[in-house]
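Enquirer: Submitted below is the structure of interest, expressed as structure tokens.
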Amino acid sequence: MPEGHSVHRIARQFRANFVGRTAAVSSPQGRFAVGAAELDGREITTSDAIGKHLLVGFDGPTLHVHLGIYGAWDFAGAISLDPTILAADGRMGQTGMRGAGTEGESEDSIHSIGAPRLTRLRAGEHETATAVTVFPPDPIGQVRVRILTDTAVADLRGPTVCEVLDDRQVEALAQRLGPDPEAPTESKRRAEERFVERASRSNQPIGQLLMDQSVVAGIGNVYRAELLFRAAIDPHRAGSQLTDDELRGLWRDWVKLLRIGVETGQMLTIDGLRGARRAAALANRADRHWVYKREGLPCRRCGTAIALETMQGRKLYWCPGCQL
DNA sequence: AGTCTATGCTCAC
DNA sequence: TGAGCCTAGACTA
């Protein structure tokens, strides 16, 4: 479900509603019973994301979570629905506040009504908020970890990684990850230099390098395809064959798209969509991107059929007409 | 109702 | 290289 932008939003949600509070930590599913016991009863002190990795500090030990392809967090209780945490484009109004006494509110009611008393928020690309009547609500599905405070609860399902790390291990993780412009420790200028340095001395194709989390942390299959199209760069060209300007251009476009993703909660990779086109893009994935999931369809820019191939076991979408 | 697929990574072989 | 994770939306019937 998530590329880097979603994980940063989840880290924000933990900062808003969990940091500074003491948590009861359990593993309703049982698979994380030992780890949960290590964290149980501690105060949550920090919440950060590096790339797609979430790091929640428990006053000593750190919970490390990677959602993989379909992991998800559910938040419930008196949780923040601040517009800087939730999307401000009206999605929430639709599914959202129904049942919370806001029927008939306009789409942007999220700004004016504030949080309902009790809310369940499903994080991810399609964030939805619904009212809950009981706190804490029963876990839904196979909940690996439940983090419960007096007022809020977070449930984790289906992660690829869920483990407790000490400071040394957190440091090792940060070391093996490439730069992330939204990570707290990252100097913006240094991040760009690290990316350019690393990519420019690799003979691997740039389409592969952008997915390599040690080259740049947080890019996934959608952003990879869209960034390369926007830059009109053939995914097969080696990093070492790209000019300095091309690499810096890719990095700066990533910084921009990531910021948009963190603020809106969606991967909007076509700039400047307004009105009906924007609504269509929000409704249909096929209308949202330049090349992602558009194989066989005519390129929006040149009309050439969008190509699909496998690169390192992942689907690569690109335009043979535009990307040279 | 059932089938397919997925924005990702880890581990076994 | 392929299975597992074991969710959930999109799609088919």
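Enquirer: Can you work out ³J(HN,Hα) from phi for every residue in segment A:237-252, in order, using Karplus 6.51 cos²θ - 1.76 cosθ + 1.60 and θ = phi - 60°, giving whole Hz and x for Gly and Pro?
Expert: Values per residue, Gly and Pro as x: 5, 5, x, 5, 8, 7, 6, 4, 5, 5, 5, 5, x, 4, 4, 5 Hz.
Enquirer: If you don't mind, another one. If one takes the longest principal axis of the Cα atoms in chain A, at what angle in degrees, from 0 to 90 and to the nearest 10, does the Cα axis of helix A:167-176 lie?
Expert: 20
Enquirer: For A:Gln169, project a label point 7 Å along Cα to C-beta. Then give me every residue of segment A:50-75 with its amide nitrogen under 15 Å of that point.
Expert: In segment A:50-75, the label zone of A:Gln169 (backbone N under 15 Å from the point 7 Å along Cα→Cβ) covers A:54-66.
Enquirer: Counting Lys and Arg as +1 and Asp and Glu as -1, each charge on the Cβ, what is the dipole of segment A:15-67 about the Cα centre in debye, to the nearest 20?
Expert: My answer is approximately 180 debye.
Enquirer: Taking segment A:145-227, how much of its Cα-Cα pair set, in percent, is spaced more than 15 angstrom apart? Before the final figure, lay out the partial values.
Expert: Working: 2339 of 3403 pairs.
Cα-Cα pairs of segment A:145-227 separated by over 15 Å account for 69 percent.
Enquirer: I would also like to ask the following. Quickly rank A:217-227, A:288-298 as a protection proxy: mean count of other C-beta atoms within 10 Å, highest first.
Expert: On the way: A:217-227: 24.5, A:288-298: 18.3.
Result, highest mean first: A:217-227, A:288-298.
Enquirer: What number, in percent, do you get for the relative contact order of chain A if the mean sequence gap of Cα pairs under 8 Å and at least 6 apart is divided by its residue count? Provide the component values of the computation, followed by the final result.
Expert: Numbers: 661 pairs, mean separation 56.3, N = 324.
Normalised by residue count, the contact order of chain A is 17 percent.
Enquirer: On full extension of the chain, what length is gained from A:Arg42 through A:Arg300, given 0.36 nm per residue of separation minus the C-alpha to C-alpha distance? Walk me through the intermediate numbers first.
Expert: On the way: separation 258, 0.36 × 258 = 92.88 nm, distance 5.26 nm.
Here the segment from A:Arg42 to A:Arg300 would lengthen by 87.6 nm.
Enquirer: Please name which of A:Ile233, A:Thr310, A:Gly296 has its Cα lying farthest along the dipole of segment A:179-318 towards the positive end, using unit charges on Cβ (Lys, Arg +1; Asp, Glu -1) and the Cα centre as origin.
Expert: So the residue we want is A:Gly296.
Enquirer: If we restrict to alpha carbons, what Rg and Dmax does chain A come to, in Å?
Expert: In Å, with Rg to one decimal and Dmax whole: 20.5, 59.
Enquirer: Could you sort the peptides A:300-312, A:256-268 by per-residue average Cβ neighbour count (10 Å cutoff), highest mean leading? Present the calculation step by step, with values, prior to reporting the outcome.
Expert: Details: A:300-312: 14.0, A:256-268: 19.3.
Those peptides, ordered most packed to least, come out A:256-268, A:300-312.
Enquirer: What ³J(HN,Hα) values, in whole Hz, does the Karplus curve 6.51 cos²θ - 1.76 cosθ + 1.60 give for segment A:157-163 when θ = phi - 60°, with x put for Gly and Pro?
Expert: 10, x, x, 7, 10, 8, 8
Enquirer: Need one number: convex hull volume per residue for segment A:179-318, Cα atoms only, in Å³.
Expert: Cα convex hull per residue, to the nearest whole number: 111 Å³.
Enquirer: Name the residues whose placed amide hydrogens come within less than 5 Å of the amide hydrogen of A:Thr304, ignoring near sequence neighbours (fewer than 5 apart) on the same chain.
Expert: A:Cys299
Enquirer: What are the ³J(HN,Hα) couplings of segment A:62-68, residue after residue, when phi is run through the Karplus curve with 6.51, -1.76, 1.60 and θ = phi - 60°? Round to Hz, x for glycine and proline.
Expert: So the J values, rounded to whole Hz, are 10, 7, 10, 10, 10, 7, x.
Only the coordinates and a few stated rules stand behind these numbers; no lab work does. Computed from a predicted model, the values in this text were never measured in an experiment. Quick reminder, even Gly has a Cβ in these numbers, built from the backbone with ideal geometry, and neighbours come from all protein chains shown.
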